[in-house]
């Protein structure tokens with residue numbers, strides 16, 4: 001293939017023949033058919049949704065889909081950025097789909113307004129708008145897969161952008177997605193254009209693609225052409241590199257999954273991770289970042305500090321909290337403010353939030369059941385969390401005990417203390433729920449009006 005491309009430089013008058021030969025040796029249709037057939041074997045009722053801008057890449061993919069005979073519909077975004085030209089693209093797609101009896105969805109976006117409101121670039125705004133809409137269409141019409149016309153040159157551009165951002169291995173492997181299918185990703189832009197010309201496929205040119213106002217276009221027009229000129233095998237070698245990186249990422253994903261399965265112990269919303277196991281990982285920086293970055297913890301210095309900190313030290317992200325506790329790290333979702341509020345409850349009806357409490361008729365001796373003397377309770381009962389200075393009279397123990405000391409004796413972690421609910425009557429603790437009843441309110445053989453509360 002590379003030899004054919006080089007020969008066209010020396011024999012331009014034979015270009016049509018070489019183009020034909022190239023497409024004979026590079027069966028684009030067969031590869032696309034193979035990919036889609038594999039999806040249909042898994043999802044026999046699959047109906048694809050093709051994102052079609054009207055450009056050469058998506059028009060080639062449209063042509064290929066028609067050739068396969070597999071069911072698909074089209075989605076076209078009008079971002080309103082090029083006036084009449086944008087409307088012309090939309091009309092072109094509508095007419096095309098009507099001609100071939102393909103269902104088409106179109107949507108107009110106020111892209112500039114969205115970008116200004118969100119404080120993002122025009123490119124990012126367009127991306128967010130279109131993928132949000134595509135997801136809506138998939139859900140509304142039960143489309144099985146979204147198809148896009150990304151190609152090998154796009155892959156290389158994405159790689160270079162991610163290099164500039166300091167991306168990790170996941171970003172450097174290029175364009176990957178379990179949700180989006182990219183059937184022509186293995187092919188270069190040149191092959192796609194040649195295929196379009198060889199098959200007389202019409203397409204629309206987006207004038208903004210010629211502008212260097214966007215970083216991707218600067219790479220496309222200035223950097224990558226020089227790179228290709230210096231290395232005739234650039235795309236071929238880049239493709240191999242992307243495959244190597246993807247395989248490396250898959251291997252590491254397996255290792256990380258095994259580690260999480262063995263050392264991430266989740267119970268009641270708290271994930272306990274062995275410090276000893278984490279510290280044994282090599283290289284530690286890579287594993288620290290990979291294990292915890294998805295929870296919002298991306299600053300390696302902070303993570304290293306937490307490993308050596310005293311119990312109680314914690315890090316917070318927008319969504320999670322990571323706490324050092326003795327020989328473990330404890331990972332939890334950040335608690336919403338309303339979860340910390342007091343809740344009134346009258347045992348005449350079941351409580352379902354923030355925890356489940358119900359009245360039971362069966363007296364069972366277990367921490368999940370509280371056997372109380374109803375005549376000693378004042379309603380409504382109050383459900384709350386621990387306050388400094390709290391104490392109670394734990395049944396089966398002599399005298400009064402500070403709740404903090406009880407927690408310590410029970411080897412509570414910081415998070416377990418924060419998550420422990422207390423059932424109270426007129427400010428006095430009735431039940432450390434799921435743990436111990438207060439002796440002052442416990443039922444006895446002489447109790448005339450017993451109340452059995454069950455925690456589930």
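Some observations on this one:
- Qualifying residue in the stretch 72-79 (condition: outside any helix (DSSP H, G or I), more than 25 Å from residue 187 (Cα to Cα) and either free of Cβ contacts under 8 Å to residues at least 40 places away in the same chain or not assigned by TED's automatic domain parsing to the domain that holds residue 149 (or both)): yes
- Candidates 115, 95, filtered to the one that is under 26 Å from the mean Cα position of the chain (by Cα) and part of a helix (DSSP H, G or I): 115
- Filter result for residue 14 (modelled with pLDDT under 90, more than 28 Å from residue 144 (Cα to Cα) and in a loop (DSSP other than H, G, I, E, B)): no
- Boolean, residue 389 is exposed (fewer than 12 other Cβ atoms within 10 Å of the Cβ), in the same structural domain as residue 447 (by TED's automatic domain parsing) and at pLDDT 90 or above: yes
- Residue in the stretch 141-161 that is in a helix (DSSP H, G or I), within 20 Å of residue 204 (Cα to Cα) and touching a helix residue (DSSP H, G or I) at 6+ places or on another chain (Cβ under 6 Å) present: yes
- Pair list, Cβ < 6 Å and 6+ apart or interchain, from the stretch 17-43 residues that are in the same structural domain as residue 70 (by TED's automatic domain parsing) and assigned to a helix (DSSP H, G or I) to residues that are at pLDDT below 50 and surrounded by 12 or more Cβ atoms within 10 Å (Cβ to Cβ): 18/4; 18/8; 22/4
- Of the residues making up the stretch 183-203, those that are under 16 Å from residue 159 (Cα atoms) and either modelled with pLDDT of 90 or more or out of contact with any helix residue (DSSP H, G or I) (no Cβ under 8 Å at 6 or more places or on another chain) (or both) number 0.
- Residue that is modelled with the lowest pLDDT [pool: residues in the stretch 147-180 that are within 18 Å of the chain's Cα centre (by Cα) and buried (at least 21 other Cβ atoms within 10 Å of the Cβ)]: 174
- Qualifying residue in the stretch 235-255 (condition: closer than 30 Å to residue 417 by Cβ, part of a helix (DSSP H, G or I) and not assigned by TED's automatic domain parsing to the domain that holds residue 420): no
- Looking only at residues in the stretch 392-430 that are surrounded by fewer than 19 Cβ atoms within 10 Å (Cβ to Cβ) and in contact with a helix residue (DSSP H, G or I) (Cβ under 6 Å, 6 or more places away or on another chain), the one that is nearest to residue 272 (Cα to Cα) is 417.
The values are calculated or read from the model by the stated rules, or taken from the named source; none is laboratory data. All figures in this text were calculated on a predicted structure; none of them were measured in a lab. In this analysis, Cβ positions are derived from the backbone assuming ideal geometry, glycine residues included, and neighbour counts consider all displayed protein chains.
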